[in-house]
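Reviewing the structure listed below.
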Amino acid sequence: MTGSNGNTAVSDQPILPKPEGLEGVVAASTALSHVFGEEGKLVYRGYDIHELAGHATFEEVAYLLWNGRLPNRQELDALLQTLGAQRPLPSHVIDVIQALPDTAQPMDALRTGVSALGAIDSEHFDDVPDLNEAIALTAKFPGILAAFFRHRQGLDPVNPKPGHTTAQSYLHQLFGKEPDEKHWRPLEVYLTLLADHGMNASTFTSRVIASTGSDLCSAITGAIGALKGPLHGGAPSKVLDMLEAIGAADNVDPWLTNALDRGERLMGFGHRVYKAEDPRAEILRGMAAEASTPEFFALSRRTEERALAMLHERKPDRRLYTNVEFYSAAVLSAVGLPGDMFTPTFAVSRVTGWTSHVLEQVANNRLIRPQSEFVGATDKTFVAIERR
Ligand code: COA
């Protein structure tokens, strides 16, 4: 049988619905987190994100994701101690990071650092991912990024300080000084908000790799690659670029109109699952109001309002709202991070979700191996090039 594209249909292929981008397809069972898209609600292990953000520490959230329940005081102290002990990087990993050109993107440096860690510390990160490995890898993310951040400025890495939380340690290792509470507090809330988010692209990637029986560093290296894309985690620096390009309140309308007329997407708006406002955007908006300068917040707010109005006018049947990335830009800038460190900072948080998903996958594993709808030809005849 020949189809309209001239190709031969393959008779043993099941004809199944093929949602573009797997939209609506259930790819795994998870008890970790869920996005209630219609309601604009996010739940981690039974807790609404509003219960946790600003109340729980990042380490409590990490413990919750890994273990399925919140820690008591003793368990939290033990986790903080283990994270502290696991933060120093093997010297060969630092060598690999310092061999990168200073023009490399921080997400590429993180991906390379995690991959190098898997190769260099292969005795620790062996083929069967476990909770100790998850904690050790999470502990090392700030140090990998900070080592690269400093390397590209010609600076030596800073040794982590025992007793620092993840947010404090990250800022200390990046900037080489004791972090100010006005910086580590908003960063801590940001980290709790980004820790997990249902079956997003990078999480799915980590589960696919884990399902093959591969090791934790391989699964997380793949996830970092998926997170880097602007349709997933790569948007917040582009939000900053957009706000900087707009520059002033009277340029908001012309700038947005031009971008939409050119068919561009406005960064920080729209979501595959949320059909209401992303609850994380609401929390981050409140934090941005406190943490960023009044001028930057006013410009962000004006841009958000006009972008929403224009999107609703141009695409009335699409429910496009502010997503997490929009105010991440304001909060992370206020904390002192440059735009290209925004997505890597997202990863400092999300590694807890990725590793939890890997552990959940391996606890009840079945190889993830879907089908494809074959639309190619099947009946071509090979004609050899005359051998010389
Ligand atoms: N700006 C302008 N238009 C947008 C838009 C945006 N940010 N987000 C979606 N749309 C439009 C699309 O152009 C499309 O319109 P059309 O059907 O008339 O062609 C429609 O809304 C639906 O888009 P679709 O591509 O089906 O949505 P998706 O579920 O595949 O994409 C995102 C979701 C997040 C990739 C998308 O909203 C986007 O690109 N946002 C900007 C990047 C961003 O903020 N990423 C961070 C995500 S947390």
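Rolling a 1.4 angstrom probe over segment 236-334 with all protein chains present gives an accessible area of which 48% lies on carbon and sulfur atoms.
Accessible surface comparison of Ile283, Ile246, probe 1.4 Å, protein chains only, largest first: the order is Ile283, Ile246. If you take all other residues with their beta carbon under 10 Å from the beta carbon of His197, and give Lys and Arg +1 and Asp and Glu -1, the sum is 0.
Which whole-number percent is the relative contact order of the chain (Cα, under 8 Å, 6+ apart)?
Values: 561 pairs, mean separation 93.3, N = 388.
Normalised by residue count, the contact order of the chain is 24 percent.
Please list, in order, the residues from segment 307-327 whose amide nitrogen is less than 18 Å from a point placed 7 Å along the Cα→Cβ vector of Asn251. Answer for segment 307-327: 307.
Over segment 260-388, what is the mean sequence separation of C-alpha contacts under 8 Å (at least six apart), divided by residue count, expressed as relative contact order in percent? Please list the in-between numbers first.
Working: 84 pairs, mean separation 38.6, N = 129.
Once divided by the residue count of segment 260-388, the mean separation gives 30 percent.
Of the peptides 218-227, 21-30, 170-179, the ranking by mean beta-carbon count within 10 Å, highest at the top, reads 218-227, 170-179, 21-30. Can you give the accessible area of Phe36 in Å² (nearest 10), computed on protein heavy atoms with a 1.4 Å probe? Roughly 70 Å² of Phe36 is accessible to a 1.4 Å probe. Applying the Karplus relation 6.51 cos²θ - 1.76 cosθ + 1.60 with θ = phi - 60° to segment 335-344 yields 3J(HN,Hα) values of 6, x, 8, x, x, 6, 9, 5, 5, x Hz, where x marks Gly and Pro. For the set Lys182, Lys140, Lys238, the ranking by accessible area, highest first and with no ligand, DNA or RNA atoms included, is Lys182, Lys238, Lys140 under a 1.4 Å probe. Arg314 contributes an accessible area of around 110 Å² to the protein surface, as traced by a 1.4 Å probe with all chains present.
Of Asp215, Asp250, Asp127, the residue with the largest accessible area leads and the full order is Asp250, Asp127, Asp215 (1.4 Å probe).
Once the 1.4 Å probe is applied to the protein heavy atoms, the chain comes out at 49 Å² accessible per residue.
Ranking request for peptides 69-81, 334-346, 89-101: highest mean number of other beta-carbon atoms within 10 Å first, then the rest in descending order. Walk me through the intermediate numbers first.
Working: 69-81: 13.8, 334-346: 21.9, 89-101: 16.6.
Descending packing order for the listed peptides: 334-346, 89-101, 69-81.
The values are calculated or read from the model by the stated rules, or taken from the named source; none is laboratory data. Not measured: the values here are computed from a predicted model. Neighbour counts are summed over all protein chains in view; Cβ atoms, including those assigned to glycine, are modelled from backbone coordinates with ideal geometry. Calculation scope for accessible area: heavy atoms of the full protein, side chains included, ligands and nucleic acids excluded. Shrake-Rupley method; radii C 1.70, N 1.55, O 1.52, S 1.80 Å.
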